[in-house]
Each structure stands twice: as structure tokens, then as C-alpha cells.
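Colleague: Take a look at the following structure, please.
The values are calculated or read from the model by the stated rules, or taken from the named source; none is laboratory data. All figures in this text were calculated on a predicted structure; none of them were measured in a lab. Please note: Cβ atoms are built from the backbone with ideal geometry, for glycine as well, and neighbour counts cover all protein chains shown.
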């Protein structure tokens, strides 16, 4: 990945284990911003929490989801693209589908434990509002039907929508990867046309109950995933000249400023007149479900600015203070699932104990610390497994 056109963010997905260290040549920005996205997702999932005002969703049209999906595509193409060259299409496709299956199993496990957590709180405190807030009423009313719908990825309680989206994108990735390797520009163009068709006709996958659709429309979000894959297979190098252009940087920065003012106008009365009614009729609604053009452009503009401000060889990337964020980025699946549990637990404490500012900040910091602790534990265990495997190999070689 080039130092200039590389993406600014990225969450693990396809990799089979912890990411290599910086010494192996890995772009630490990927794990760094992936970890930051996971922290933001956790904070955003805790309602009535002042700490979530620091997340990027409050400063522009896009949020951590764009980071997650783009980097997932980038990583999938980078990891499995190399395997495609060495192992062929059939073996590589099988590995991708195996990873998608692992994510599916993780989703079912998360669903069961998460619903158990919600059901316990609802029953113990006799407060059905928790079930309503977390989108679990259907499960409590018809658990057998809801469970089947969850197996079909149609029923998803609150805060779990990202994982089914990623499962769908990865499960359909084998033919896309092959096409990206052979016809990268044509494949990206076809992906863009599908995204554009969604903007016009709004088709989506059905959800559960029957009046709902997928919160993250996979027909729209596939473009960001495919664009990440295109960049991961060398497209980022081709964008170097564009990203290094001062004019592009100025346009990106200007768009970020305008989007910031628009978002602030939603919360700050003095700026309410910043968006004229005629303009509002054109730009609203800024759909997250269908990845509206304004959200997509905001993410791309943000990526341009961040790539320019944070070069790949920036010494600060190796500062110890950033290590916790990088660790979380190296174990995104586990950290994301853990964050879902923690966010509901924090929501419960804020409702039942106290919603004071001190408690909000304490729970936010505690949740992030626990996520870091989990990632550190997983990294330690992975190192122990590698060391044990190396010793076994040495013993076999010594005895032969």
C-alpha cells in the first residue's frame, strides 16, 4: 500500500489471526483507525452518554460504519488476493466462505447471549422498555419465530446490524475478488452502478418483522466494500496523484467544513438557517441505510485529509499511547461483540443507578479499558500459541 493513497482506516475481518507487527511492514494506520472505529461504535451504542459527542458522527455525514466496511473490503482483498495468486480460486474461495461461516457463528452466539442479557434485565426489573429499546420485543413475544428469523439474518436486535452486513458482503466476495483481480475497473464500475440503482429505486433485503428491511442495505454498502477491495489490490497506488493534488485536498477540506456546519445546524439553533429549505429538500434525507451520496462523499473526503495528515511512516504511530487502539483494531470481531454486551450494560447502569455526568464518563472509559484488556489477552494467547507451535516444530526437527 502506498504511503499516500492508502486508506485511513480499517477493521479485521478476513485475517485468520492477529495482524503482523509494524516491523513486518504493515501499515499501522489500518489497525489504529479500525480500533478507533470500534471505540466510537461502543460509545455510540450507549444512549444518553455525553462521551459519544466525541465520535465522528457528530462532525459530519459519515460515521464509524463507513470506516468499518471500507477497511473490511480493503483487508479482504489484500489478504485473499495474495492467497488467490498462490492457492487458486477454489481454495481461496473456500477460505473466504469459511471466514464468513465463522462470522455467522459469532453472530448467532452474540444473538443468544445478548438476548439472554436483555431478557434477564427485563424480567428482573420488570421493565419491558428495555426490550423495546433493544428491538427484542419480537423475541419475547415469539421466541421460536424470532430465532428462525435470526438464523436467516432477518431479525437483529439493536446494535447488531453491522455484523450481518459484513457476513453478507464476505459471503458474496469470492466472485467479486476474482473479478477485481482480472477486471478491476469494470468490476468497480458495476458495483457503482448497483449502488446508484439503489439510490434511484431503493430496493433492499426484507427483515423481520415483515414491515422492516435491512438497516444496512447490502446492495448499497457493497460499493464501499468493493471500493476498499479495489484499493487493496493496487487501486490506492493509482490514486496517489489525485490525493496529492492540492486542489483535491482543498475540495475535501471544504466539503468537511460544510458538512460539519450542516450537522451542527441540527443541534445548534443559531445555525438552523444555514441550510435553506430549498437545499434541504434536495439533500434530505441523508440515508444511512442506503449509503446516501453525501455520506459516501464525506467518508472519501475524510479519507483524503487523514491520509495526507497521517503518513504511513509517521513516528507517532509507534507511540505507546496508541498501542491500545492498535490492539483493539487487530481483534475487531471479538472486540465488536464484547462492545455490544458492554454498551447494553452501560445503558442499564445509567438508567437504574445514576445517569450523572461522572457515571457516563466512568462507564465509557471502563468499557474502552475492558475492550483493550480483551484485545491484549487475545494477543498474548496468540503469541503463546505461536511459541508453542514453534517449540513443537523444533522438537520434531530435533528428533528426526
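Colleague: Being more than 19 Å from the chain's Cα centre (by Cα) and over 27 Å from residue 129 (Cα atoms) narrows it down to one of 356, 379, 375, 332, so name that one.
Modeller: That would be 379, the only listed residue that is more than 19 Å from the chain's Cα centre (by Cα) and over 27 Å from residue 129 (Cα atoms).
Colleague: Evaluate the following for residue 291: is it under 16 Å from the mean Cα position of the chain (by Cα) and at positive phi?
Modeller: Yes.
Colleague: Taking only pairs six or more apart or across chains, which ones have beta-carbon atoms under 8 Å, a first residue in segment 88-102 that is within 10 Å of residue 173 (Cβ to Cβ), and a second residue that is outside any helix (DSSP H, G or I)?
Modeller: Note: pairs meeting the criteria are 96/14; 99/13; 99/14; 99/16.
Colleague: Ok, one more. Do we have residue 227 as under 30 Å from residue 149 (Cα atoms) and in contact (Cβ under 8 Å) with a residue 12 or more places away in the chain here?
Modeller: Working: under 30 Å from residue 149 (Cα atoms): no; in contact (Cβ under 8 Å) with a residue 12 or more places away in the chain: yes.
Answer is no for this residue.
Colleague: Are there helices (runs of 4 or more DSSP H) fully within segment 265-353 with at least 1 residues that are modelled with pLDDT of 90 or more? List them. Show your work before the answer.
Modeller: Details: elements: 277-283, 293-309, 323-329, 332-352.
Correct list: 293-309, 323-329, 332-352.
Colleague: Closer than 30 Å to residue 121 by Cα, surrounded by fewer than 21 Cβ atoms within 10 Å (Cβ to Cβ) and free of Cβ contacts under 8 Å to residues at least 24 places away in the same chain - does that describe any residue in segment 175-194? Don't jump to the end; show me each part of the working.
Modeller: Kept after step one, since they are closer than 30 Å to residue 121 by Cα, are these residues of segment 175-194: none.
No, segment 175-194 contains no residue that is closer than 30 Å to residue 121 by Cα, surrounded by fewer than 21 Cβ atoms within 10 Å (Cβ to Cβ) and free of Cβ contacts under 8 Å to residues at least 24 places away in the same chain.
Residues are listed down the side, and each one gets a yes or a no for (1) surrounded by fewer than 20 Cβ atoms within 10 Å (Cβ to Cβ); (2) touching a residue at least 60 places away in the same chain (Cβ under 8 Å); (3) within 24 Å of residue 165 (Cβ to Cβ):
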position	(1), (2), (3)
114	no, yes, yes
126	yes, no, no
137	yes, no, yes
140	yes, no, no
146	no, yes, yes
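Colleague: How many residues does segment 354-376 contain that are surrounded by 11 or more Cβ atoms within 10 Å (Cβ to Cβ) and either at pLDDT below 80 or more than 22 Å from residue 40 (Cβ to Cβ) (or both)?
Modeller: 1
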